[in-house]
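Reading through the structure tokens given below for one structure.
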Amino acid sequence: MQNKKIVITGGPGTGKSSIIRNLEAQGHFCLHEISRQITLEAQKQGVEQLFLEKPLLFSEKLLEARIAQHEQAVKFSKELIFLDRGIPDVVAYMDYFGTSYSKMFSIACEAHEYDHVFLLPPWKEIYISDNERYESFEQAEEIHEYLKKAYITYGYNPIEVPTGTIDDRSRFIINTLYL
């Protein structure tokens, strides 16, 4: 069975992880965000903020992990596989921060396709910064534009998810997939 790989993306603090958890609670198969895991691993090795201190190394590790998630998604016999962020997110963040990177990042974006991309817009009322989310809301708005541009660059037409309750947003995603 050919499954559909569906990316849920957006700037920091837009509700991605909450929607992923909600979809999972409804019985959908979800692959979770992995950047926090990479950050925590680096902290165990004495690097407080790998993304800020060594952005290219962080992005290489993230790219490798997102490729592994994509390959993992192909193997599951579930109709829908939801992913908290996709490979083009890595490029979008590097572009936002002005980080130079090799063509391998673009090649990875082109080689690993997703079936649908849902983009969550910045939403000031729910935005919270924390230990791993250090961007201001204004930066989150800018990152949103970089994410949108990256996905469009790689041939996607991101579907913007309206604000609302987690249930409403999850229902919007599911209903859009079954139209």
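General observations
- Hey, Tyr101 in contact with a helix residue (DSSP H, G or I) (Cβ under 9 Å, 6 or more places away or on another chain), of a type in the set (Ser, Thr, Tyr), part of a loop (DSSP other than H, G, I, E, B) and closer than 17 Å to Lys5 by Cα or not: no
- Scan of the stretch 118-149 for residues that are loosely packed, with under 14 Cβ neighbours inside 10 Å and modelled with pLDDT of 95 or more, ordered by number: Glu145
- Residue check for Ile152: modelled with pLDDT of 95 or more, surrounded by fewer than 21 Cβ atoms within 10 Å (Cβ to Cβ) and not acidic (Asp, Glu): yes
- For Leu23, the test of being within 20 Å of Phe172 (Cβ to Cβ) and in contact with a Phe, Trp or Tyr (Cβ under 8 Å, 6 or more places away or on another chain) is passed.
- Subset of the stretch 77-109 [farther than 28 Å from Ser136 by Cα and either β-branched (Val, Ile, Thr) or under 16 Å from the mean Cα position of the chain (by Cα) (or both)]: Ile81, Ile107, Ala108
- Residue within the stretch 83-100 that is at positive phi and surrounded by fewer than 16 Cβ atoms within 10 Å (Cβ to Cβ) present: yes
- At least 1 residues being loosely packed, with under 14 Cβ neighbours inside 10 Å and of a type in the set (Gly, Ala, Ser) is the threshold, and among the helices (runs of 4 or more DSSP H) wholly inside the stretch 1-63 those reaching it are 16-25.
- Scan of the stretch 64-82 for residues that are surrounded by fewer than 14 Cβ atoms within 10 Å (Cβ to Cβ) and within 21 Å of Leu177 (Cβ to Cβ), ordered by number: Gln72, Val74, Lys75, Ser77, Glu79
- Filter result for Val91 (touching a strand residue (DSSP E or B) at 6+ places or on another chain (Cβ under 8 Å), within 16 Å of Thr9 (Cα to Cα) and of a type in the set (Val, Ile, Thr)): no
- Residue list for the stretch 67-86, filter: touching a strand residue (DSSP E or B) at 6+ places or on another chain (Cβ under 9 Å), hydrophobic (A, V, I, L, M, F, W, C) and either part of a loop (DSSP other than H, G, I, E, B) or over 11 Å from Phe29 (Cβ atoms) (or both): Val74, Phe76
- Set Glu33, Glu113, Glu24: member being more than 23 Å from Thr163 (Cβ to Cβ) and of a type in the set (Asp, Glu): Glu113
- Matching option when the condition is at pLDDT below 95 and touching a helix residue (DSSP H, G or I) at 6+ places or on another chain (Cβ under 9 Å), among Leu52, Leu23, Leu40: Leu52
The values are calculated or read from the model by the stated rules, or taken from the named source; none is laboratory data. These numbers come from a predicted model, not from an experiment. Here Cβ is always computed from backbone atoms with ideal geometry, including for glycine, and neighbour counts include all displayed protein chains.
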